[in-house]
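What follows is calculated from the coordinates using simple rules that are stated; it is not laboratory data. Keep in mind it's a predicted model, so treat the numbers as computed, not measured. Reconstructed Cβ throughout: ideal geometry from the backbone, glycine too, with neighbour counts over all protein chains shown.
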Amino acid sequence: MKDSFSFIKTCKSKDRTFIITFKALLCGKDLSLSIYGGDKPHIGASSLAFLNPKTKDIEVKTIEIPTHKEALLSEKLALSLSQSLKVSVEVNCGIHLDSIEKSTIDDICTIVLESDKEVIRLYKSFCIGSN
């Protein structure tokens, strides 16, 4: 069974083009996903989505470095992937662009949140399909 996969997305704004990288590692059936890019890739927030055995609900726990704003992305993506794949999912996110405009922030959010379809497709084809 393959234990990792990755892909990149290119984002074009008014004055520049930059890359967002998605790297996934399988921990058994669980998924650890790192998303980073821009001028200064880093880890700004980390979210873990998991099935609570007592309540049978999916919960999300997040840690965010003060002054960073990636928690919304990591939380939403971790929850979406955990609900779809029925596994625990960790998402680390750190995308930084100097002198960023609101429209570029919106584009980044769209690219990251819509990446769930690609992650699910790759998870199923490379991980479940190769058992």
Specify the inter-centroid distance of the range 45-74 and the range 7-40, based on alpha-carbon positions, in whole Å. 18 Å
So what's the back-of-envelope 222 nm ellipticity for the chain, counting only DSSP H runs of four-plus at -39500 (n - 2.57) apiece and dividing by all residues, rounded to 500? -8000 deg cm²/dmol
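Treat the count of other C-beta atoms within 10 Å as a stand-in for reagent exposure and order Leu25, Leu31 from fewest to most.
Exposure proxy ranking, most exposed first: Leu25, Leu31.
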What length, rounded to one decimal in nm, is gained on full extension from Ser84 through to Ile120, with 0.36 nm per residue of separation minus their alpha-carbon distance? 12.2 nm
When the C-alpha atoms of the chain are aligned to their principal axes, what extent does each axis show, in angstrom, from largest down? 45, 31, 19
